[in-house]
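Data block below; observations after.
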Amino acid sequence: MNEPSESPARALPNGGLWPDAAGVHVNAHGGGLLKEGGLWYWYGEHKTAGRAGNAANVGVRVYSSPDLLAWTDRGVALAVEPDEASDIARGCILERPKVVKAATGRFVMFFHLERKGLGYADARVGIAVADRPEGPFAFVRSLRPHGEFCRDMTLFRDDDGSTWHVFASEDNATLHVAELTPDCLDYTGRWWRMAERTWTEAPAVFKHDGWYHLLGSGCTGWAPNAARSFRARRMSGPWEPTGNPCRGVNPANGLGPEKTWGAQSTFAIPPDETTGGRWIAMFDLWRPDDAIDGRYAWLPADFRDGRLEIAWHDTFPPAALAPSSSPSSR
């Protein structure tokens, strides 16, 4: 599929409709991004209409863009399966897909999985692989990492090439931080607990000036709540709480930091020339009664006095993204 040679100078409305190249609202909820070959790839949950659309009726969709603004629909990256015996049978719960490129050169997708008919009691991670970033991805297996529950999750690639799986565990009471093997298909056995008994979900990880920062939310289902953040000098911790990083008010709904503007975190886009050298925090504004109508907000992250801060802006980007004072700082 051909990419647009250039995109018009424009911005996307945070909390509004984000059209793809065909004018259709992007359908990639709870998503994550990967950059490969000069293109950004956005993977997310393909939602369908109504409340039933919160289950996985299609799978994971993928879009590509040269600039984070003009998005081309590349189709279904990972399709659910008609076989009722499959772990990813149509109607399962498949959430928060994230993709990394492994040392093998293959692309590996992790996602929170609840097998069909088990509600949220299954609490597993699903793993799929592909030879190309757009897929198609082939399902490999599902498991509970080191035997523990796995729900909301993210992947983080560190400067040294190590890859980390961060996920809500212990019935959502505590986050786990687990190192992956170089092929990203298994765990090294090195893992740690963090944010113990804080009931934190929706993790997203940043790194700036030698600090790791984790953004998350409380556990209130689809309803928004106050965000929280943590920081550490190592992924293994210890992690200390740094409060609510959000600032400002979303004028469309009147909500501010006390409800994270009506949104919930999902991923941190690492800095490069496309982002003006700044980290970008991705959020979802869920609409569970009509899942396909969920919205997005992408907001530049700032770091002041060693702490994460994220201010509301009505558009992404809020203006031309000016490079930070240290654009290479990861």
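Readers should treat all values here as calculations from the given coordinates under stated rules, not as data from a laboratory. For clarity, every value in this text was computed on a predicted model and none was experimentally measured. With ideal geometry, Cβ positions are generated from the backbone for all residues, glycine too; neighbour counts draw on all protein chains shown.
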List the aspartates and glutamates whose Cα sits under 14 Å from the Cα of Lys47, skipping any in the same chain fewer than 8 residues away. Glu95, Asp284, Asp289, Asp290, Asp293
Rounded to the nearest 0.05, what FRET efficiency do Ala319 and Leu185 give with R0 = 56 Å and r taken as the Cβ-Cβ distance? Could you check? 0.85
Give me, ordered by chain and number, the residues 5 or more places off Ala56 or on other chains with an amide H under 5 Å from its own placed amide H. Gly91, Cys92, Ile93, Leu94
In region 217-233, whose amide N lies under 19 Å from the spot 7 Å out along Cα-to-Cβ of Asp305? List them in ranges. 228-233
Got a sec to turn the phi values of region 299-314 into Karplus ³J(HN,Hα) couplings, 6.51 cos²θ - 1.76 cosθ + 1.60 with θ = phi - 60°, whole Hz, x for Gly and Pro? 9, x, 9, 10, 10, 10, 6, x, 10, 7, 9, 9, 9, 6, 9, 6
Can you match Cα Rg over 2.2 N^0.38 Å to one of these, [x] 1.26; [y] 1.02; [z] 0.91, based on a calculation from the structure here? [z]
Can you give the extra length, in nm with one decimal, that the chain gains between Ala11 and Arg132 once fully stretched, where that is 0.36 nm per residue apart less the Cα-Cα distance? 40.7 nm
Please report the antiparallel percentage of DSSP beta bridges with both residues in region 23-316, rounded to the nearest 5. 95 percent
Here the net charge surrounding Asn172, from other residues whose Cβ is less than 11 Å away from its Cβ (Lys, Arg +1; Asp, Glu -1), is -2
What FRET efficiency do you get for Ser162 and His25 if R0 is 35 Å and r is their Cβ-Cβ distance, rounded to the nearest 0.05? 0.45
State, as an integer percentage, the relative contact order of the chain based on alpha-carbon contacts under 8 Å between residues 6 or more apart. 14 percent
Amide H to amide H, which residues 5 or more places from Gly75 or on other chains are under 5 Å from it, using H placed in the peptide plane? Val62
Cα lying deepest toward the dipole's positive end in region 140-179, options Ala168, Met153, Ser142, charges on Cβ: Ser142
Pop a pseudo-label 7 angstrom from the Cα along the beta-carbon direction at both Arg51 and Thr220 and give the gap in nm to one decimal. 2.0 nm
Please give the Cα centre distance for region 254-278 versus region 72-88, rounded to the nearest Å. 28 Å
Would you work out the charge dipole size for region 166-230 about its Cα centre, treating the Cβ of every Lys and Arg as +1 and the Cβ of every Asp and Glu as -1, and quote it to the nearest 20 debye? 220 debye
Under Karplus coefficients 6.51, -1.76 and 1.60, residue-wise ³J(HN,Hα) of region 244-260 in Hz, glycine/proline x: 7, x, 7, 9, x, 10, 7, x, 5, 10, x, 8, x, x, 5, 10, 6
